[in-house]
C-alpha cells in the first residue's frame, strides 16, 4: 500500500485534515505521516523533516505528498533531493487542494490503489464540490459503450447522507476484485456517468437520499460484480 | 592571488546575520505590503541559528556552507528556507578548495541557478532573483579584477536590481496573489538578497 505524507505550515491544520480523512477512510488505512509546522511551534515547513517523513511513509509502493501552499511545495521538492534517488522516484507531490486531495487519496490508498491511481483520485478531489456548485466536472469519463450482454441495476439510495465518501469507497472496494467495467449514473438528477472504481467520481454524482442510481455492469465478471454490488446495496453500503 | 577561506566565510555569514537582524523590521514591513509579513522574522530566526554554528567544527568551507544551507532549510519556515537553503547547498557544492575569484564565481553561479530552479522563477517576476541575477552578471564582468572588486560590483548591481523591483507586478510567491496591486512595493526577497551580497563584499577576498 502506498504511503501518504501531509506537508503543512501548521501542525494543527495537518492533524485536523488527517482526522477528517481517517473519519471517512476504510479501517485498512495506513498511518498518515505528518511533516508540519515550524521549529518553535510556529508556522513553517522544513525540507529535512519532510525527507524523514518520506522515509517513514514509504513501504516500497511509493508515497503521495499532499501540501498546503507556498513553501510547502518548495520544501517538499527539496526533500526529494535529500533522499535516495530510487526512493525519490517513488514520490509524487500532489497538486490537489490539501483537504479534498487528502480525503480522496486516503480512500484510494486504503482500497489498494497504486501511486498513479491515488494521485489521480486526489486530483479529482474537488469534483463533488464543483458539481454541487455548478462549476461542472473537470473530466468526463467517456468510457466504452456497453456490450449487449451488460447487466443493468437500478439502485435506490436510502442512505440519509446519500453516497458520501465512505459508501463511495465501499462500492469501489467491493468491485475491485472483478474483471468488470461498472458505470454509474444518477438517473434522478442526470449529469455525467462515472466509472465505479473511482470514489471521487462516485461523489461527483451528487447522489442524495432517495435518488436512483443506474449501474451498468459489463465484462467477463459482469454477473459476479453485479451480484456483489446488489449485495452491498442491500446491506446499506456498510453504513447501517 | 586572493582566495576565500573558512574564517572569511564565517565572517560573511555573521555579518549577513547582523544585517538581517538590523533590517528585520524593514523586511517584515515590505513583506506586510505584498506578502504575509514574515520575511524579516523568518530570516532573522534562520540566520540567528546560522550565526550560532562554530566554523571550527567543520573540515572545510564547503562543509560549513552545507550546514548553513541545511540550518536555513530547517529553521526559516517560509519559502526563503528552501530558497536560501538551496543557494548555500549549491554554492557549497560548486566551491573549489581555496577558491579564487573564478572559483567563487562558479559557486555564485551554482547558487543563483539553484534559486531560479527551486522557485521556477525568472528575472522580472519580482523575486530575490531580480537582485541575484544582475549581481551574477556584474560579478562575471569584474571577475578579472579579483574577489573583492567583483563582489563590490555584484552588490551594486544587486541594489540596482532590488530598486527596480518596485514597479514590477509579482508573478511568483505570495505577492503574486495580489496581481497588479503588488506594483509600487519593493520586493522583500530582493532586499534580503542584496544584503547577502553586500555582506559578501565586506568580508570575502
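I'd like the mean, over residues of A:75-85, of how many other protein chain beta carbons sit within 10 Å of each residue's own Cβ.
For this peptide, the per-residue mean of nearby foreign Cβ atoms is 3.
If you build a Gaussian network model of chain A, linking Cα atoms that sit under 10 Å apart, which residue out of A:38, A:206, A:55 swings the most?
Of A:38, A:206, A:55, the most mobile in the Gaussian network model is A:38.
Of all the C-alpha pairs in chain B, what % are more than 24 Å from each other?
Percentage above 24 Å: 33.
Using 1/(1 + (r/R0)^6) with R0 = 41 angstrom and r between the beta carbons of residue B:63 and residue B:33, what's the FRET efficiency to the nearest 0.05?
The pair residue B:63/residue B:33 has a calculated efficiency of 0.60.
Residue B:25 to residue A:114: FRET efficiency via 1/(1 + (r/R0)^6), r the Cβ-Cβ distance, R0 51 Å, to the nearest 0.05? Could the numbers behind the result be given before it?
On the way: r = 50 Å, r/R0 = 0.99.
So, using R0 = 51 Å, E works out to roughly 0.50.
Please compute, over every Cα-Cα pair in the protein assembly as shown, the percentage with a separation greater than 27 angstrom.
59
Given N residues in the stretch A:152-240, what is its alpha carbon radius of gyration divided by 2.2 N^0.38 Å?
Working: Rg = 11.4 Å, N = 89, 2.2 N^0.38 = 12.1 Å.
Expressed relative to 2.2 N^0.38 Å, the Cα Rg reads 0.94.
I want to verify a result. In a Gaussian network model of chain A, Cα cutoff 10 Å, which of these has the top mean-square fluctuation: A:216, A:188, A:45?
Most flexible of the set in this elastic network: A:188.
Alpha carbon centre of the stretch B:125-178 versus the stretch A:59-74: separation in Å?
Spelled out, the Cα-based centre of one part sits 31 Å from the other.
Length gain on complete extension for the stretch residue A:154 to residue A:89, per 0.36 nm per residue less the alpha carbon to alpha carbon distance? Walk me through the numbers on the way to the answer.
Numbers: separation 65, 0.36 × 65 = 23.40 nm, distance 4.35 nm.
Working it through step by step, the gained length comes to 19.1 nm.
Only Cα pairs under 8 Å and at least 6 apart count here; give the relative contact order of the stretch B:1-78 as a rounded whole percent.
Result for the stretch B:1-78 is 33 percent.
Restricting to bridges with both residues inside the protein assembly as shown, how much of the DSSP beta-bridge set is antiparallel, in percent to the nearest 5?
55
So what are the radius of gyration and Dmax for the Cα set of the stretch A:3-131, in Å?
Both quantities, over Cα of the stretch A:3-131: 13.3, 41 Å.
Per-residue ellipticity at 222 nm for the protein assembly as shown, helices alone: DSSP H runs ≥ 4 residues times -39500 (n - 2.57), over residue total, nearest 500 deg cm²/dmol?
Details: 19 runs with 236 residues, N = 445.
One gets -16500 deg cm²/dmol as the mean residue ellipticity at 222 nm.
Cα-based Rg of chain A per 2.2 N^0.38 Å, rounded to two decimals? Provide the component values of the computation, followed by the final result.
On the way: Rg = 18.8 Å, N = 240, 2.2 N^0.38 = 17.7 Å.
Taking the Cα Rg and dividing by 2.2 N^0.38 Å, one obtains 1.07.
If you average the C-alpha positions of the stretch B:11-87 and of the stretch A:174-224 separately, how far apart do those two centres end up, in angstrom?
Centre-to-centre (Cα) distance: 54 Å.
With contacts defined as alpha carbon pairs under 8 Å and 6 or more residues apart, what's the relative contact order of chain A in percent?
Value for chain A: 18 percent.
Antiparallel versus total DSSP beta bridges in chain A: what percent is that, nearest 5?
Approximately 50 percent, going by the DSSP bridge assignments.
Taking springs between alpha-carbon atoms closer than 10 angstrom, which of B:189, B:46, B:103 fluctuates most in the Gaussian network model of chain B?
B:103
Provide a whole-number value for the mean count of partner chain Cβ atoms within 10 Å of the Cβ atoms in peptide B:81-88.
So the per-residue partner count for this stretch is 5.
By count of other Cβ within 10 Å, fewest leading, how are B:36, A:40, B:163 ordered?
The most exposed by this proxy come first: A:40, B:163, B:36.
Every read-out reported here was derived from the displayed coordinates using simple, explicitly stated rules and does not represent laboratory data. Predicted model, so just to flag it, every value in this text is computed and none were measured. Cβ atoms come from the backbone with ideal geometry, glycine included; neighbour counts cover every protein chain shown.
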